[in-house]
1. Go through A:356, A:342, A:307 and say which Cα lies farthest out towards the positive end of the charge dipole of segment A:299-358; charges sit on Cβ, +1 for Lys and Arg, -1 for Asp and Glu.
2. Relative to 2.2 N^0.38 Å, what does the C-alpha radius of gyration of segment A:17-62 come to as a ratio? Two decimals please.
3. Can you tell me the order of A:53-62, A:558-567, A:282-291 when each peptide is scored by its average per-residue count of other Cβ atoms within 10 angstrom, highest first?
4. Whole-Hz Karplus ³J(HN,Hα) for segment A:272-280, in order, using 6.51 cos²θ - 1.76 cosθ + 1.60 and θ = phi - 60°, x for Gly and Pro?
5. Ranking request for peptides A:131-138, A:523-530: highest mean number of other beta-carbon atoms within 10 Å first, then the rest in descending order.
6. What are the ³J(HN,Hα) values, in whole Hz, obtained from phi via the Karplus relation 6.51 cos²θ - 1.76 cosθ + 1.60 with θ = phi - 60°, for each residue of segment A:221-232 in sequence order, with x given for Gly and Pro?
7. With label points built 7 Å along Cα→Cβ from the Cα atoms of residue A:139 and residue A:27, find their separation and express it in nm.
8. Tell me, in nm to one decimal, what length is gained between residue A:510 and residue A:113 on full extension, where the rule is 0.36 nm per residue of separation less the Cα-Cα distance?
Amino acid sequence: MTNANSESQDVRTPSNFLRDIIAEDVRTKKYGDAVIQTRFPPEPNGYLHIGHAKAICLDFGLADEFGGKTNLRFDDTNPEKEEQEYVDSIMKDVRWLGFEWDRLCFASDYFGQLYQWALQLIRAGKAYVDDLSAEDIRHYRGTLTGPGTDSPYRNRSVEENLDLFVRMKNGEFPDGSRVLRARIDMASPNLNMRDPVMYRILHATHHRTGDTWCIYPMYDFAHGQSDSIEQITHSMCTLEFADHQPIYRWYIEQLGIFPSQQFEFDRLNLTYTLLSKRKLLQLVQEKHVSGWDDPRMPTLSGIRRRGFTPEAIRTFCAAIGATRTNGTTDIEMLEHFQRDDLNRRARRAMAVLYPLKVVIDNYPEGQEEFVEVANNPEDPSAGTRQVPFSREIYIEQDDFRELPPPKYYRLSPGKEVRLRNAYFITAQSVEKDAAGNIVEVHCTYDPASRGGNSPDGRKVKSTMHWVSAPHAISAEIRLYDKLFSKADPGDFEEGQSFLSNLNPNSLEILSGARLEPSLAGARVEEHFQFERVGYFCVDPDSAPGRLVFNRTLPLKDTWAKIEKKAGS
RNA sequence: UGGGCGAUCGACUAAUGGUAGGUCAAGUGCCUUUGGAGCACUUUGUCCAGGUUCGAAUCCUGGUCGCCCAGCCA
């Protein structure tokens, strides 16, 4: 298994209860000389999201930590919701995250064995065919506070149950007409033990088994036994399955098979984020986003396209740990680990998103030169590159104010600043259009300050990025922001839905940006830090000569904070 | 008037009867050729009430609050 290796930035939480349990089981040799075996069991009915990443890191990470193995198992017991497209995307995403499974498994591979086990339980008088309708079953199940009632079909003979079940399998009955149920206890305080349904009739084509079957096992009758077949030692799942533990154990005990054990941990919740497959599907189907891989989606394919990296996601997952407490993690924490990762690794470049032309009046017309620029100041091994400079350049509109507010260090009339890696310039005058908008700033430069330092030791308060106007290239820039404007997207007014919390400004497309020419060679999915602006990566929509950049995250903006404080 | 699980800084998470610590966020200062990064410092916490104990976040009792469960979904 070539799992995510522990790089230096990996955060190891001191401990979590799952690791403690496994460590103890390894120490006491609970499973003899057998190795720790886990599994990641997605249902192929949607794309994986950041919440699954936590489960993946736990399933694969913990097994790996103790020299164990992890299977990727598709929990494909419901043919009506599952598709090959999802299987493919899930495999791709798990690998992208940095994990490789020991065995690729499908619950559907066990349909035959599961069927035999069902027969075994019927023969043992532990299962029966019920003719009650779905509605009646619900009714007979009782309530949270009151016991259920036995189905009138509960005491059929073994022979009759066998006959009926075989005929169910042979397709003699229509969908919904009968089910196979475990015979346990209709008065159990745990609803899952009130004769749970084991099999339902579904004349549907399965993405792998085709039309071989018309009866399909329920999750509870499939999951534990699948774990058992694969000799899973530690079957980790989320908290809402805790109530299923008794039924998980019941089937394994009745069948006398390998005793896999289930452990539950808390599901990931993130502020400003929805992690419900149903709602994500709705966003896709109703076209509130461009698809499962829309860069605003919390899906792994979405955040990959946005520019997030597997390393950062793994570090994040390690940092948040695992407990049995429901909570909501600040999205800021994910963003922090992503910035941290990209700060170390992303190549720097200069790009002006909202250009303002600057003419350097005392720079010779027609002259050009190249200045040497570090590709990544955090990583000298990234080398340097040559960036063209000339008389006319673009700077960010925000970097010039005719009337500078207090503490504004950037360019303003009479003020001297540094153009990064180039020269000191001083603003002299502005040109405006008929409407009074500044369209051009005239400056002078100090030829002695080449490279960005003045020999006389003169200091400037500000350093600004720039792009040489005649050399600049264009690109489409997609500025992404949070998909939802409310920390809890599920918190909405009466009569509304989570859709009312959609952030109307989650995507802004810029067409006027000017970029340094070296960016022309950028490849899809390549990450950059546009200095002083943010982290960007190349979108797959790019074509030769037509670059598209997605903003992964903006850089932290201290000035914006100062300005906001002054304004409020 | 069922059952299950849980409760530690604003958020996430350690401490497993012996100094309540880390990360994020927030704030202050230093530094800076990215108002980025970095560095230093600071603020804020054991749900409540009893009990056991030399000593309790941890053990006990009783409350309170939160989450999950009545699919022929997973």
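The values are calculated or read from the model by the stated rules, or taken from the named source; none is laboratory data. Every value quoted in this text rests on a predicted model; they were computed, and no experiment measured them. Because the Cβ atoms are built from the backbone with ideal geometry, glycine has one as well, and the counts that use them run over all protein chains shown. Side chains are part of the model used for accessible areas, which takes the heavy atoms of the whole protein and leaves out ligands, DNA and RNA. Shrake-Rupley method; radii C 1.70, N 1.55, O 1.52, S 1.80 Å.
1. The listed residue farthest towards the positive side: A:356.
2. 1.41
3. Highest-to-lowest ranking by the protection proxy: A:53-62, A:282-291, A:558-567.
4. My calculation for segment A:272-280 gives 6, 9, 10, 10, 10, 4, 4, 6, 5 Hz in order.
5. Ranking the peptides A:131-138, A:523-530 by packing returns A:523-530, A:131-138.
6. Per residue, the Karplus-derived 3J(HN,Hα) values read 7, 9, 5, x, 5, 4, 4, 5, 4, 8, 6, 5 Hz.
7. In this crude spin-label approximation the distance works out to 5.6 nm.
8. Separation in residues times 0.36 nm, less the Cα-Cα distance, equals 137.2 nm.
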